[in-house]
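Have a look at the structure below before the remarks.
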Amino acid sequence: MASLEPVVAANPGVLEGLDNYRNLVAAQQPTWPDQAALEEVRQTLAKYPPLVFAGEVDILKDRISQAAQGKAFLLQGGDCAETFVDATADRIRNRVKTLLQMAVVLTYGASMPVIKMGRMAGQFAKPRSSDIETREGLTLPAYRGDAVNGYDFTAEARNPDPKRLLQAYNTSSSTLNLIRAFTMGGFADLRSVHEWNKGFIDNPANSRYETMAKDIDRAIKFMAACGANFNELRTTEFYTSHEGLLFDYERPMTRIDSRTGTPYDTSAHFIWIGERTRQLDGAHVDFLSRVRNPLGVKLGPNTSVDDVMALIEKLDPNHEPGRLTFITRMGAGKIREALPKLVEAVRDAGFTPLWITDPMHGNGITTANGYKSRRFDDVMNEVRGFFEVHRDLGTFPGGVHVELTGDDVAECLGGSEHIDEITLESRYESLCDPRLNHSQSLELAFLVAEELAAR
Ligand code: PEP
Ligand code: MN
C-alpha cells in the first residue's frame, strides 16, 4: 500500500466504480445535519494512513480459504458495539485474552489451526430497526453507534456529528495498536497460556481451562526438552473486522493498492454486510463487491436459496478461495430447518464459501424486567444445530461469530454461573446487544471444541 494517491495508481474505471453506490439505495445511513462538515471529514479521513495493509488482508484471505477447505477454524468475536469510553487498556486486554483463551481451547480440543479475529478496532456503527426513539413523549434520532451519535437521550447527544467518524478512526487506530503490541510483543506467547486466565473471577469454566493449560504446559516442556524450537509460538496473527455500514467511513478508508491497482477497504482486514443491508441491488453489496478484502454476509432465517446464489455471483463472481464467508444467524429454533437447503444448494453448485455460525442474533429475547438478553442455552443449541446440519451434508462447519466481552458482565442468561434476570440489573453494560461474559465465552469454546473434535 505504498501509494496514498488513488488517482495515480488505480486501474481504469476503478474509482468510478467505487462511487457507484451513490446511485443506489443505501440503507441504514445517518441523516447528517451538516453536509459541509461531513465533506470536510471525508477528505480528512481519506488522507489518514490506512489502518491495515493490503498484504495482511491477502494473508487473511488465504487463511480463510484454508478454513473453507476444512483445514482451519475461524473464531470471530467482540462487542456488539464498541464505544469510545470503553477503549481502555484493561478492557481491550480482557477481550484479547478471552479470544486467545477460546482459540487455545479450540486448537487443543480439535487439533486445528484457529484464525483469530476481533469484532474490534472499528465496530462503532450500528443498524437500527427504527430511525427514531421515543421516550416519555420526546422523540429523538436512534443511537447508531459512537461513530455517528451519542447514547445519552438528549437532542445534543443524538444529533449525528461527522467529527465522530474521525474519533472512530483514532480509537480504532489506538485499539489496533494495542492489539498488535499484545499479539506480537510476547503477551500472546503460547507459553503464557496460564497467564491469560489470571485476573478473571473463578468459575467452573476457568478451572476447566486451568486443567487444559497444565496439559499444554507439560506438552510444551516435553517438546522443549526434546529440543524443539518454539519461535512459532511467540507471536500470533490477529485480524480485525466490523460491519461495513457507513459509506462516509468505508469509502474514504478505501485505498488503491500500488502493487495491483485494486482497491482495499483499509479500515479492517475483514468486513461483513449485515442482515439489514444485504439487498442485492443495494449500495452495500455494490460497494463491497468492488474491494478486495475477504467479506462476510449475515444470513437470517428467511434467506432463500436464490438470495445466496445471487450474493455469490455479485460478491464472488470468480469464486476466489477465501473471498466469501456466510455468517448464519438463524435462531436455535430455526437453524435445523432454515440452513440445510442453503448449504446443500451451494454445495451442489460446487461453491466453497466458508460457513460460520452467529448463534447470537437469532436468539434475542426481552426479559420480564425489560432487558434485551439471550439465553446461553439457546446460543449453545444453535451451535449444536449448526454442527448437525453440516455433519448431515458432509460440509465443513468452519467457524463461530460471537458477541463477547472479557469483563464480568451479566447480559446473557444462564451458563455455569446461572445468571438470572435479577442479576442483569446489576451488571448489564452493553449499549446494544447482550454479550457473553468471560466464563460464558470459555464455556462456548469448550462446546465448539467438542463438536469439532467429534466431527
Ligand atoms: C450485529 O452483528 O451486531 C448485527 C446487527 O447483526 P445482524 O446484521 O446479523 O442483525
Ligand atoms: Mn449485535
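Inside region 170-195, residues that are touching a residue at least 60 places away in the same chain (Cβ under 8 Å) and over 20 Å from residue 90 (Cα atoms) make up a count of 1. Selection of region 125-148 for residues being more than 16 Å from ligand 1 (Cβ to nearest atom) and on the phi < 0 side of the Ramachandran plot yields 132, 133, 134, 135, 138, 139, 140, 141. The number of residues in region 386-442 being in contact with a Phe, Trp or Tyr (Cβ under 9 Å, 6 or more places away or on another chain), within 16 Å of residue 74 (Cα to Cα) and among the aromatic types (Phe, Trp, Tyr) comes to 2. Going by the structure shown, is residue 119 touching a residue at least 40 places away in the same chain (Cβ under 8 Å) and within 16 Å of ligand 1 (Cβ to nearest atom)? Judged against the criteria, residue 119 is a match. Is there a residue in region 430-444 that is away from ligand 1 (no atom under 16 Å from the Cβ) and over 20 Å from residue 206 (Cα atoms)? For region 430-444, residues away from ligand 1 (no atom under 16 Å from the Cβ) and over 20 Å from residue 206 (Cα atoms): absent.
Residues in region 1-55 that are at pLDDT below 95, closer than 22 Å to residue 285 by Cβ, assigned to a loop (DSSP other than H, G, I, E, B) and in contact with a Ser or Thr (Cβ under 9 Å, 6 or more places away or on another chain): 10, 11.
Of the residues making up region 328-364, just one is within 16 Å of ligand 2 (Cβ to nearest atom) and either at positive phi or assigned to a helix (DSSP H, G or I) (or both), namely 331. Please work out if residue 377 is away from ligand 1 (no atom under 14 Å from the Cβ), surrounded by fewer than 18 Cβ atoms within 10 Å (Cβ to Cβ) and not in a loop (DSSP other than H, G, I, E, B). Here the answer is yes, as residue 377 does meet what is asked. Here region 74-99 is the region considered, the condition is being closer than 22 Å to residue 245 by Cβ and in a helix (DSSP H, G or I), and the residue that is farthest from ligand 1 (Cβ to nearest atom) is 92. Would you pick out the residues in region 224-280 that are modelled with pLDDT of 95 or more and within 21 Å of residue 108 (Cα to Cα)? Scanning region 224-280 gives 237, 238, 239.
Test residue 438 against the criterion of being away from ligand 2 (no atom under 16 Å from the Cβ), buried (at least 24 other Cβ atoms within 10 Å of the Cβ), touching a residue at least 40 places away in the same chain (Cβ under 8 Å) and closer than 27 Å to residue 151 by Cα, and give yes or no.
It is true that residue 438 is away from ligand 2 (no atom under 16 Å from the Cβ), buried (at least 24 other Cβ atoms within 10 Å of the Cβ), touching a residue at least 40 places away in the same chain (Cβ under 8 Å) and closer than 27 Å to residue 151 by Cα.
The one condition from (1) touching a strand residue (DSSP E or B) at 6+ places or on another chain (Cβ under 8 Å); (2) surrounded by fewer than 22 Cβ atoms within 10 Å (Cβ to Cβ); (3) under 30 Å from residue 191 (Cβ atoms); (4) at pLDDT 95 or above that residue 117 does not meet is (2). When 259, 234, 255, 276 are screened for being within 16 Å of ligand 1 (Cβ to nearest atom) and either touching a residue at least 24 places away in the same chain (Cβ under 8 Å) or of a type in the set (Val, Ile, Thr) (or both), only 276 passes.
If you check residue 248 against the conditions, is it more than 16 Å from the chain's Cα centre (by Cα), more than 16 Å from ligand 2 (Cβ to nearest atom), part of a loop (DSSP other than H, G, I, E, B) and in contact (Cβ under 8 Å) with a residue 40 or more places away in the chain?
On the way: more than 16 Å from the chain's Cα centre (by Cα): yes; more than 16 Å from ligand 2 (Cβ to nearest atom): yes; part of a loop (DSSP other than H, G, I, E, B): no; in contact (Cβ under 8 Å) with a residue 40 or more places away in the chain: yes.
Answer is no for this residue.
Note on region 210-256: residues that are under 30 Å from residue 298 (Cβ atoms) and not polar (S, T, N, Q) amount to 17. For residue 98, the test of being hydroxyl-bearing (Ser, Thr, Tyr), farther than 30 Å from residue 216 by Cα and surrounded by 18 or more Cβ atoms within 10 Å (Cβ to Cβ) is failed.
Say whether the condition of being in contact with a Cys (Cβ under 6 Å, 6 or more places away or on another chain), within 19 Å of residue 121 (Cβ to Cβ) and surrounded by 14 or more Cβ atoms within 10 Å (Cβ to Cβ) is met by at least one residue in region 79-86.
Yes.
Between 273, 256, the distinction of being surrounded by 22 or more Cβ atoms within 10 Å (Cβ to Cβ), over 27 Å from residue 78 (Cβ atoms) and hydrophobic (A, V, I, L, M, F, W, C) belongs to 256 only. Taking the numbered list (1) within 16 Å of ligand 1 (Cβ to nearest atom); (2) over 18 Å from residue 356 (Cβ atoms); (3) touching a helix residue (DSSP H, G or I) at 6+ places or on another chain (Cβ under 6 Å) in turn, residue 415 passes all entries but (1). Of 420, 408, 392, all but one fail to be more than 16 Å from ligand 2 (Cβ to nearest atom) and at pLDDT below 95; the exception is 408.
The values are calculated or read from the model by the stated rules, or taken from the named source; none is laboratory data. In this text the structure is predicted, and so the values were computed from the model without any measurement. Note: ideal-geometry Cβ built from the backbone for every residue, glycine included; neighbour counts use all protein chains shown.
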